[in-house]
Amino acid sequence: MVGSQKIAAGSTLPHTAAILSHRGEAAEIDAYRFTHGLLAAARACGAIICDRTVVAHTRHTARGVVLTTDRGARVRARHLVIAAGYAAGAFLPEKVTALHSTFALVSQSVADFPGWPADRALIWETAEPYVYLRTTVDGRTLIGGFDEPFRDPAARDRLLAAKTAALVRRFRRWFPAIKLELAYAWAGTFATTPDGLPFIGAHPGRPHTFFALGYGGNGIIYRLTEARLFEFGCRPRAVPAG
């Protein structure tokens, strides 16, 4: 824990206290390259990657599961693992999550970051509404937050301009010496559970099916845990029946 004097000495942040994590306790990645790396590794192990393909129908049989895609192809499997995040609601007979919309922007590149904490630290605010920030290797700033309960994609997207303006104001208040020039802004949807924990395991109403659902912004951590549990044949916390 650090106090306001140390924060003011090392940054232009206005906060009275903060938790400073040591190296190795937080990380940043290029999510696009990371995902393609995982897909390449899976393919090297024999997986078949079918992008731009939607599972239109699922039929459970005594021996397994039959999936029919939107292109008419059928896939038969002894077991089905669903790791589709909030979109997994289509495979569940009951609602287990609440959906939220988050808003984010990325800036044009700058030469330096005056007023940013040492080592261009990742920043996560615990206020409500909160924001999260980090920099990129090519000198950009990524800032997001000001979440809202999700209603529908159109309503979410109508809020984008106002939420982007709010994020810009927050950034300029914290870092007045950094020139923020907007490059891109977007909105996205994520899901949370009542206790913040994932759902991992079987569902009594879906034979031969396992769920690996990491929610609330901790998907990468939960995915690693889920993979290890399934690898060793564990039957962890199951998705509850209605």
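How many residues are within 14 Å of V131 (Cβ to Cβ) and either touching a residue at least 60 places away in the same chain (Cβ under 8 Å) or of a type in the set (F, W, Y) (or both) if we restrict to region 170-180?
Residues in region 170-180 being within 14 Å of V131 (Cβ to Cβ) and either touching a residue at least 60 places away in the same chain (Cβ under 8 Å) or of a type in the set (F, W, Y) (or both): 5 in total.
Take the residues in region 4-36 that are touching a Gly at 6+ places or on another chain (Cβ under 9 Å) and β-branched (V, I, T), then tell me which one is modelled with the lowest pLDDT.
T16
List, please: which pairs have Cβ atoms under 6 Å, are six or more places apart or on different chains, and start with a residue in region 1-13 that is under 15 Å from W116 (Cα atoms) and end with one that is at pLDDT 95 or above and in a helix (DSSP H, G or I)?
These pairs meet every condition: L13/W174.
Which of the residues that make up region 105-119 are surrounded by 15 or more Cβ atoms within 10 Å (Cβ to Cβ) and farther than 20 Å from Y184 by Cα?
Listed by number, the residues that qualify are W116, P117.
For region 57-95: of the residues being touching a strand residue (DSSP E or B) at 6+ places or on another chain (Cβ under 6 Å), surrounded by 15 or more Cβ atoms within 10 Å (Cβ to Cβ) and outside any strand (DSSP E or B), which is modelled with the lowest pLDDT?
The residue in question is Y86.
Take the residues in region 106-163 that are touching a residue at least 40 places away in the same chain (Cβ under 8 Å), in a loop (DSSP other than H, G, I, E, B) and within 16 Å of the chain's Cα centre (by Cα), then tell me which one is farthest from S11 (Cα to Cα).
F150
So which residues in region 1-21 are part of a loop (DSSP other than H, G, I, E, B) and under 17 Å from L133 (Cα atoms)?
Selection gives S11, T12, L13, P14, H15, I19, L20, S21.
I'd like the residue in region 128-142 that is out of contact with any Gly (no Cβ under 9 Å at 6 or more places or on another chain) and within 18 Å of S21 (Cα to Cα) and, out of all such residues, is surrounded by the fewest Cβ atoms within 10 Å (Cβ to Cβ).
Across region 128-142, the extreme among qualifying residues is R134.
Out of (1) free of Cβ contacts under 8 Å to residues at least 60 places away in the same chain; (2) assigned to a strand (DSSP E or B); (3) among the aliphatic types (A, V, I, L, M), the odd one out for A183 is which?
With (1) free of Cβ contacts under 8 Å to residues at least 60 places away in the same chain; (2) assigned to a strand (DSSP E or B); (3) among the aliphatic types (A, V, I, L, M) applied to A183, the lone miss is (1).
Residues checked against (1) surrounded by 12 or more Cβ atoms within 10 Å (Cβ to Cβ); (2) touching a Lys or Arg at 6+ places or on another chain (Cβ under 8 Å):
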{"position": "S4", "(1), (2)": "yes, no"}
{"position": "T16", "(1), (2)": "no, no"}
{"position": "E28", "(1), (2)": "yes, yes"}
{"position": "R33", "(1), (2)": "no, no"}
{"position": "G37", "(1), (2)": "yes, no"}
{"position": "A41", "(1), (2)": "no, no"}
{"position": "I48", "(1), (2)": "no, no"}
{"position": "T53", "(1), (2)": "yes, yes"}
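Among the numbered criteria (1) touching a residue at least 12 places away in the same chain (Cβ under 8 Å); (2) within 30 Å of W174 (Cα to Cα); (3) of a type in the set (S, T, N, Q), which single criterion is violated by T53?
(2)
The values are calculated or read from the model by the stated rules, or taken from the named source; none is laboratory data. The structure presented is a predicted model; accordingly, all values stated were derived computationally and were not measured. We place every Cβ from the backbone using ideal geometry, glycine too, and count neighbours over all the protein chains shown.
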